[in-house]
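We did not get these values from a lab; they are worked out from the coordinates using the rules stated. Nothing here was measured: the structure is a model prediction, and the numbers come from that model. Positions of Cβ are backbone-derived with ideal geometry, glycine not excepted, and every protein chain shown enters the neighbour counts.
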Ligand code: SAH
Ligand code: SF4
Ligand code: F3S
C-alpha cells in the first residue's frame, strides 16, 4: 500500500496556522503522518490567504508547481482551503485552469475534511464544499500543534468590522464567539499537555462575548481572568485588538492579571483622521494615542506593535505625513507595514483616487525607515535588562544558541543548552538590534 502522508502549506495569519493544526490533527487520527517534503506527500493541502493581491499571484504560481507533481504522481490528492476558497471568482478560475485539483473546501467546513477526502477516494470525483457563512461552532476537533510549549486558542471566528479595504469579513463570515467554558476546557487540556503559554486568537478579541447555556455572558477581560486561573499556564497573549473596542476594563487587565504578557498588537492603519474615516476604523489618531498612554500607565514597560497601510485611495502627502508623525509619537516596538492592495468586493475597490504604484512604494520606503529606527531604539534600550524568556528552540544563528521570546514578544538569541527548551529562564540582554535581541543566561 502506498504510504499515507500529508503536507500542509500555510499562508496568511494565525487563524490559518490554527486551522492547519486542526487539519493535521484530523489526518493524524486517520493514520496519516506528516511529510516534510511537499511534493512527496500523498495528500498536499494548500491553506490560502487572500488579504493582499500578491498572495493570489503566489497561489496560482504554487498551483503551477503542483501541476507537475500531479502529472508525475496522479494519485497525489491536491486539496485547497482557506480564505481564497471563500471567493467564487477564485474557485471558478481554479476549476477552469486547474481541473485536476481534487478537493476544495472553505473556512467554515474544516471539520468535514475527512468526509471530503473519503468521498474523493470512493467516488473518484472532485469534491467542492464551501459554505457561505459559519453555522454552529464545531468543538472538540483534534489538533497537531506546531509548538510543544505554546499554543493558539481561537476565541472568536469571523469579523463584523468591515474596514473598507479588508476582505476578511467576506472570507471568514460574521463574528461568532466560543463559549468560555469550551475555551477554558481546551486550555486546561493544553496545560496538562505541557503548554505554558496560550495566545487567544480572534480578528478582534476585544469584542469577544461568550454566552453560556444558562444565558450568562462573559466578556474578554472576564475571559482573561478565567484563563489566569488555569494551573500550569504561565503566560497569556492575545491578538488582534481593535482600538475602537479597547475598554478601560481590558486596559486594567495589564495592571491586574499576573499572567498577561506585557505586549499588545494594536493596529492603527493610518495617521490621518480623514483616511481612518474612509477606512471605517471608527477612531481618531488622538484617541489611538490616548489609548497608548493609558496602556503605558497600566503597564509602563508594555511593548506595542501595530499594522500600518500606506497608499489607501485618496491618501495625500499630507495624510501620509500624519502616519509618520503618529509613528514618531507612538514609539512602536515593531510594525507590520503594508502597501494598500485592492481587494475585489470591498468598498475601497470602488474608491476613486487610487494611488499610483510608484507613490505607494516611495511612501512605503519612508515609513519602513521610521519604523526600523523606532524598533532599533526600543531594542537598544533593552540592553542590560533581565527578562523572562520562554525558550522556544534552537536558533538558526549558530551552534549552541537557543531562541525564545520575552514577555514583550521580542525574539532573543542566547547561548544555552537544548535541554532548556520549554523552560522560562532569566536572560540578561547584551545587545538590541532592529529585529531581535541577544543575551546571556542570568541568575
Ligand atoms: N483583524 C486584524 C487584522 C487582519 S488583516 C485587525 O483588524 O487588526 C492584517 C492586516 O493586514 C491588517 O491590519 C491590515 O493592516 C492589513 N491589510 C488588510 N487588508 C489589506 C489590504 N487590502 N491592503 C493592504 N493591507 C491590508
Ligand atoms: Fe479586517 Fe478590519 Fe476585521 Fe481586521 S477588524 S479583520 S482589518 S475588517
Ligand atoms: Fe489571510 Fe484569511 Fe488570515 S485572508 S490574513 S488567512 S483571515
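How are the alpha carbon pair distances in region 6-58 distributed across 10 Å bins from zero to the largest one, expressed in percent? Pair shares across the bins are 25, 48, 24, 3. DSSP bridge analysis restricted to region 100-247 gives an antiparallel fraction near 30%, rounded to the nearest 5. For the chain, the share of alpha carbon pairs falling in successive 10 Å distance bins from zero is 4, 19, 28, 28, 17, 3, 0 percent. Legend: translational diffusion of region 147-261 by Stokes-Einstein, Rh = Kirkwood radius over C-alpha pairs, 37 °C, 0.692 mPa s; D = 226 µm²/s. GNM remark for the chain: springs join alpha carbons under 10 Å apart, and the peak mean-square fluctuation among 340, 208, 32 falls on 32. Max-minus-min Cα coordinates of region 91-192 on each principal axis give 44, 39, 25 Å, with the largest extent listed first.
Ratio of Rg to Rh for region 5-129: 0.92 [Cα atoms; Kirkwood radius as inverse mean 1/r over pairs].
A Stokes-Einstein calculation at 25 °C with viscosity 0.890 mPa s, built on the Kirkwood radius of region 386-441 over Cα pairs, returns a diffusion coefficient of 230 µm²/s. Convex hull volume per residue, computed on the Cα atoms of region 267-381, equals 93 Å³.
Note on the chain: GNM, Cα springs under 10 Å; of 354, 14, 88, the largest mean-square fluctuation is that of 88.
Each of 212, 35 was scored by other Cβ atoms within 10 Å of its Cβ. Listed from fewest to most, they are 212, 35. Reported value for region 186-344: 142 Å³ per residue, from the convex hull of its C-alpha atoms.
Over all directions, the average projected area of the alpha-carbon convex hull for region 287-330 comes to how many nm²? Averaged projected area of region 287-330's Cα convex hull equals 3.5 nm².
By other beta-carbon atoms within 10 Å, ranking 7, 54, 111 with the fewest at the front produces 54, 111, 7.
Scattering from region 78-130 was approximated by placing one identical point on each alpha carbon and applying the Debye formula without solvent; log10 I(q)/I(0) at 0.19, 0.22, 0.32 1/Å stands at -0.57, -0.76, -1.31. Rg and Dmax of region 328-423, both derived from C-alpha coordinates alone, stand at 19.4, 58 Å. Take every Cα pair under 8 Å whose residues are at least 6 apart in sequence, average their separation, divide by the length of the chain, and the relative contact order is 10 percent.
In the chain, helices alone account for a calculated mean residue ellipticity at 222 nm of -10500 deg cm²/dmol, with every DSSP H run of four or more residues adding -39,500 (n - 2.57). From the P(r) of region 237-297, could you give the percentage of C-alpha pairs in the tail past 20 Å? Across region 237-297, Cα pairs with separations above 20 Å total 26 percent.
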